[in-house]
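Undergrad: Pasting a structure here, questions to come.
Here, each number is a calculation from the coordinates, and none is a lab measurement. In this text, all values refer to a predicted model and were calculated from it rather than measured experimentally. Positions of Cβ are generated from backbone atoms using ideal geometry, with glycine treated the same way; all protein chains shown enter the neighbour counts.
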Amino acid sequence: MATGTELRLAHRLDEVGFSDIVQIRNKVMALRASGMQVHALHGGEPYFETPDAIKFAAVTALVQNQTHYAPSSGIAPLREALAAKVSAKNRIPVTVDQVIATVGGSQALYAAFQAVLDPGDDALVFSPYWTPIGDLVRGAQARPLPVPTSTARRSGITATLEQFSTPQTRAIYYNTPQNPSGVVFTRAEAEEVAAFARARNLVVIADEAYEDLVYEGEHFSIASLPGMAKRTITCFTFSKSYAMTGWRGGYAVAQEPFMTALRKIVLYSTNGVPTPVQYAMLAALETPEQEHKARLAEYRKRRDLLVDGLNAVGLECEPPAGAFYAFPNVEKIHRISRTAAEILLDKAHIATIPGSVFGAQGEGHLRFGYALPVAEIEAAVEALKAFVR
Ligand SMILES: Cc1ncc(COP(=O)(O)O)c(C=O)c1O
């Protein structure tokens with residue numbers, strides 16, 4: 001019975017969930033602790049360690065007492081290097097004032113949704129989508145409107161966006177390469193999304209976390225299109241390209257009025273990225289392009305190994321064009337992806353993520369991550385073959 005003395009949470013958290021992915025990670029850790037050998041294909045972390053040059057830069061910064069408050073939007077050399085990288089590689093014309101360092105891509109995305117969405121607004125989200133996006137939108141007391149990516153690509157992007165948008169729609173979440181599907185949107189598709197955003201006066205929140213992981217086609221930044229830099233907040237991370245998941249380094253690119261909003265959110269949440277990490281980020285930006293290319297070849301090998309294995313056991317899977325996940329239809333195992341994931345974990349000791357956690361459009365699929373040592377992928381494929389036999 002309500003006594004009027006209960007402590008209550010702010011309503012803005014009512015619709016915000018906890019990631020199922022974290023719950024699966026915990027289950028895998030518990031199984032391993034009980035002595036079970038688990039093929040861990042549920043994760044999304046690079047197979048290699050943070051390169052030494054990046055680690056040394058952080059250690060040097062510590063030894064040189066770079067341990068004080070820094071400008072909350074990032075130290076000047078880092079922002080200069082980020083502006084140069086984004087202008088050259090992403091072809092988004094930016095000045096130093098239009099970049100901000102963030103605590104991972106996650107803080108960039110959090111700040112972007114907070115900056116753009118009011119309670120009662122809607123955001124179009126290509127689906128299946130990275131699970132936290134739904135929570136980030138709901139945390140702004142707005143509503144995610146899933147737009148089936150495969151329908152949009154088949155039947156036309158503009159018509160599909162039109163079909164799912166509402167008068168309250170304020171933003172489009174545009175992730176390429178996509179997690180979990182590996183879809184890489186083409187330049188022509190980016191142009192259609194951009195034209196739609198311009199026609200409806202929408203803001204695009206672009207998520208380019210996997211920009212260096214494109215096997216087919218090319219990575220194309222939507223903010224580089226005419227008239228788009230001013231209505232796009234582009235979010236990047238060091239996590240995937242540089243194996244820096246635990247460092248929590250990211251950045252965002254935006255123009256006014258959004259940049260001031262991002263600055264306020266970063267200032268009042270973390271007051272910036274830890275100073276030594278910023279020096280590590282600066283060193284990471286010096287990575288030669290050949291190193292990204294060499295790693296891409298390594299990832300491609302892993303992708304092909306896993307995709308061949310999946311197809312060999314009848315789990316049909318087109319090779320994903322980007323990122324480091326395969327997302328086959330697994331209805332042969334079970335129609336409901338949560339049950340399929342449980343069966344695979346219990347019977348073959350293979351941990352995956354049920355497609356339904358990435359939105360209704362992911363149902364019937366499982367996400368298999370292949371950012372793993374080759375031997376681990378081979379072992380998982382063997383376990384899969386033994387399971388279907
Ligand atoms: C699509 C996508 N965006 C953004 C991120 C954010 O990564 P981080 O917060 O580690 O930078 C991830 C991480 O898995 C991701 O998959």
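Undergrad: Nearest 20 debye, what's the magnitude of the dipole of the stretch 269-347 about its Cα centre given +1 on Lys and Arg Cβ and -1 on Asp and Glu Cβ?
TA: Using only the charged Cβ atoms, the result is roughly 140 debye.
Undergrad: While we're looking at this one, here's another question. Using the Karplus curve 6.51 cos²θ - 1.76 cosθ + 1.60 with θ = phi - 60°, what ³J(HN,Hα) values do you get for each residue of the stretch 64-73, in whole Hz, with x for Gly and Pro?
TA: 3J(HN,Hα) across the stretch 64-73, in whole Hz: 8, 6, 7, 10, 9, 3, 10, x, 4, 8.
Undergrad: Another one. What are the ³J(HN,Hα) couplings of the stretch 208-218, residue after residue, when phi is run through the Karplus curve with 6.51, -1.76, 1.60 and θ = phi - 60°? Round to Hz, x for glycine and proline.
TA: Listing the rounded values in order: 10, 4, 10, 4, 8, 10, 10, 9, 10, x, 9 Hz.
Undergrad: Related question: Would you mind ranking Met281, Met36 so that the residue whose beta carbon has the fewest other beta carbons within 10 Å leads the list?
TA: Placing the least packed residue first, the sequence is Met36, Met281.
Undergrad: What residue among Ser34, Ser155, Ser221 shows peak mean-square fluctuation when the chain is described by a Gaussian network model with Cα springs under 10 Å?
TA: Result: Ser34 has the largest fluctuation of those listed.
Undergrad: Build a GNM of the chain with springs between Cα atoms under 10 Å: which of Tyr299, Tyr268, Tyr174 gets the top mean-square fluctuation?
TA: Highest fluctuation of the listed residues: Tyr268.
Undergrad: Further question: On a straight-distance basis, which aspartates and glutamates could pair with Lys385 in a cross-link, Cα separation under 20 angstrom, same-chain partners fewer than 8 positions away excluded?
TA: Correct list for Lys385: Asp304, Asp308, Glu316, Glu318, Glu331, Glu342, Asp346, Glu376.
Undergrad: Follow-up. Given springs between every Cα pair under 10 Å in a Gaussian network model of the chain, which of Phe164, Phe220, Phe327 has the largest fluctuation?
TA: Phe164
Undergrad: Separate question: Rank by packing, highest mean first: peptides 333-346, 98-111, with packing defined as the count of other Cβ atoms within 10 Å averaged across residues.
TA: Working: 333-346: 18.2, 98-111: 24.7.
Most protected by this proxy first, the peptides run 98-111, 333-346.
Undergrad: Which entries in the list Lys293/Lys347; Lys55/Lys293; Lys27/Lys293 go over 28 Å, if you measure between the two C-alpha atoms of each?
TA: The answer is Lys293/Lys347; Lys27/Lys293.
Undergrad: Could I ask something else about it? Let me have the relative contact order for the chain, percent, based on Cα pairs under 8 Å that are six or more residues apart.
TA: 23 percent
Undergrad: Neighbouring Cβ atoms within 10 Å as the yardstick, rank Phe48, Phe258 fewest first. Present the calculation step by step, with values, prior to reporting the outcome.
TA: Numbers: Phe48 12, Phe258 22.
So the residues, fewest neighbours to most, are Phe48, Phe258.
Undergrad: Return the distance in nm (one decimal) between the two label points of a simple spin-label model at Ala10 and Arg91, each offset 7 Å from Cα along Cα→Cβ.
TA: Output for this residue pair reads 4.1 nm.
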